[in-house]
1. Pick from B:G26, B:G69, B:G173 the residue whose mean-square fluctuation is largest in a GNM of chain B, springs joining Cα atoms under 10 Å.
2. Using a 1.4 angstrom probe, figure out how much accessible area the range A:53-118 has per residue, in square angstrom, rounded to the nearest whole.
3. In the range B:49-78, what residues drop by 40 Å² or more of accessible area when the other protein chains are put back, versus the chain on its own? Use 1.4 Å, and skip ligands and nucleic acids.
4. Can you list, shortest first in nanometers, how far A:E146 lies from the same residue in the other copies, with each label 7 Å from Cα toward Cβ?
5. Could you sort out which of A:K176/B:K208; A:K92/A:K228; A:K78/B:K228 sit more than 28 Å apart by Cα distance in this structure?
6. For the range A:11-74, what value does the Rg/Rh ratio take when both radii are computed over Cα atoms and Rh is the Kirkwood radius, given to two decimals?
7. What helices does chain A have that are whole DSSP H segments, at least 15 Å long along their own axis by Cα, and with mean Kyte-Doolittle hydropathy of 1.0 or more?
8. Placing unit charges on C-beta atoms (Lys and Arg positive, Asp and Glu negative, everything else neutral), compute the dipole magnitude of the range B:11-74 about its Cα centre in debye, rounded to 20.
Number of protein chains: 2
Amino acid sequence: MDLTRKKRTRLYEDVVEQIRKLIVDGTLAPGDQLLPERQLAEKLGVSRSAVREALTSLVSLGLLEITPGSGAYVKEAKINDLIDPLASIMLKEINDVFDILEARQVLETGAAHLAAQRAERTDLYELHEFLRDMENDVNEGRDTDESDSQFHFSVVRASHNTVLINLMTVLMGLMKEYYGPSRKRLVENRQYREMWALQHTEIYEAIKNGDPENATDTVAKHLDTTIKEFRRLQGTDE
Amino acid sequence: MDLTRKKRTRLYEDVVEQIRKLIVDGTLAPGDQLLPERQLAEKLGVSRSAVREALTSLVSLGLLEITPGSGAYVKEAKINDLIDPLASIMLKEINDVFDILEARQVLETGAAHLAAQRAERTDLYELHEFLRDMENDVNEGRDTDESDSQFHFSVVRASHNTVLINLMTVLMGLMKEYYGPSRKRLVENRQYREMWALQHTEIYEAIKNGDPENATDTVAKHLDTTIKEFRRLQGTDE
DNA sequence: TGGTCCAAACTGGTCTGGCCAATTTCCATA
DNA sequence: TATGGAAATTGGCCAGACCAGTTTGGACCA
């Protein structure tokens, strides 16, 4: 038996790879229009169906966007297109309920450390905006889900590390899919909402003052509080 | 103009969603075989081509595996299937060359902290194995790429946090695609290889002794060394 | 009875050709 | 020059066919 050749290469996979290469090496820039399926098929010497399957695959990878009647366009590949499948994969593997929050703690404390060193005026402005948003939400009894997430995201953005930012995007996607229900219950507790808002202020101050250690500590404390509260909620649940 | 309805739902996307649901809710378990394309088409009342495009999409998302002549099988969705597209997306957004290493530092220091608290005998054994592998590689002048990666990965695995492990997988994929060339040059320097092996030992000892702070520090120091060396290499390059 | 081997049935991969609906193009008309 | 609408173009979907592997079910042999 021939163990080297595992699976014969499928034709449409070749097409995928060819187009993919053109995109990654910049020959095809975001916004560019691909040749029509029929011409592409002729040019590559394959049938239209093979081309279609290739395009379908590229669409599901977030590399293309297809408008019926118009054409296929190269898309600015954004991580959001992969969040859903990524989240479902990671969710299946989770065995401890607090893995996500713990991972956030690891990532956000590190990001805060960097943010305190690198935050620029625009970053501080953004942080302050979301800080105020959340305070308003608390005062007016609104849901703080959105403003809370936004603030945490801003902290990571202020680290100016795109890799950390992308990883945070993944974690936020995970949060939404995993903690959706219990989070709703958590934020109904006004006492905790207020404590959170206060802790956010501390974080903001630490970053503004350019104090990495303090930024790290306040973020760590903040997420500790969160984890403890989630744990308490879970305890009353079952 | 109607802004609410952006794009009409494509038929094959419906099929994707239906099958996807069956997989995530467990009706279709990994290893299960799907109905043949022709039957699936008949059952869903669509053409075979629509089914094929749906299956193509699911394959590229890593949810299915198709064997020609045999059938389509539900796959244990692994993050590796999404690493390539994920890496290319994140690579495009990177503006500082050391973003990846910095992100690794954030993630691995946190993971080491947890590992020192949670590592079990099997984890320590695995760590020790890769430690020895690398020492052997160094002594015999072999490439240390593999054994080095494996050790770092083991540290994160010892944290027993599946989310961190998955994020580490992403980062390692990024490393391979980004630092491939210069890393090759780096490990040619025997002096650094030996220093690395020594630092790995320190990390191992800290985890073994259940000393979270020390584990964090040694990992931080280790990656600092790495970043500095990469920086030096880059300086001599251009 | 038990194992072997081969043909038939099945399955995915690809192709051809066709129709529809939405979009774009372009020209005749106001 | 602007505009309205027909024609061409494009992607979405379908039907039917053939091929190359895989699986299956017996028929045949030991």
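1. Result: B:G69 has the largest fluctuation of those listed.
2. Heavy-atom accessible area per residue stands at 33 Å².
3. Hits at the 40 Å² cut-off: B:E53, B:T56, B:S60, B:L61, B:A77.
4. Counterpart label points of A:E146 in the remaining copies fall at 5.2 nm.
5. Those over the limit are A:K176/B:K208; A:K78/B:K228.
6. The Rg/Rh ratio comes out at 0.92.
7. Both cut-offs are met by A:162-178.
8. 140 debye
The values are calculated or read from the model by the stated rules, or taken from the named source; none is laboratory data. Please read these numbers as outputs of a predicted model, since none were measured by experiment. Reconstructed Cβ throughout: ideal geometry from the backbone, glycine too, with neighbour counts over all protein chains shown. Surface areas here come from the heavy atoms of the whole protein model, side chains and all, with no ligands, DNA or RNA. Shrake-Rupley method; radii C 1.70, N 1.55, O 1.52, S 1.80 Å.
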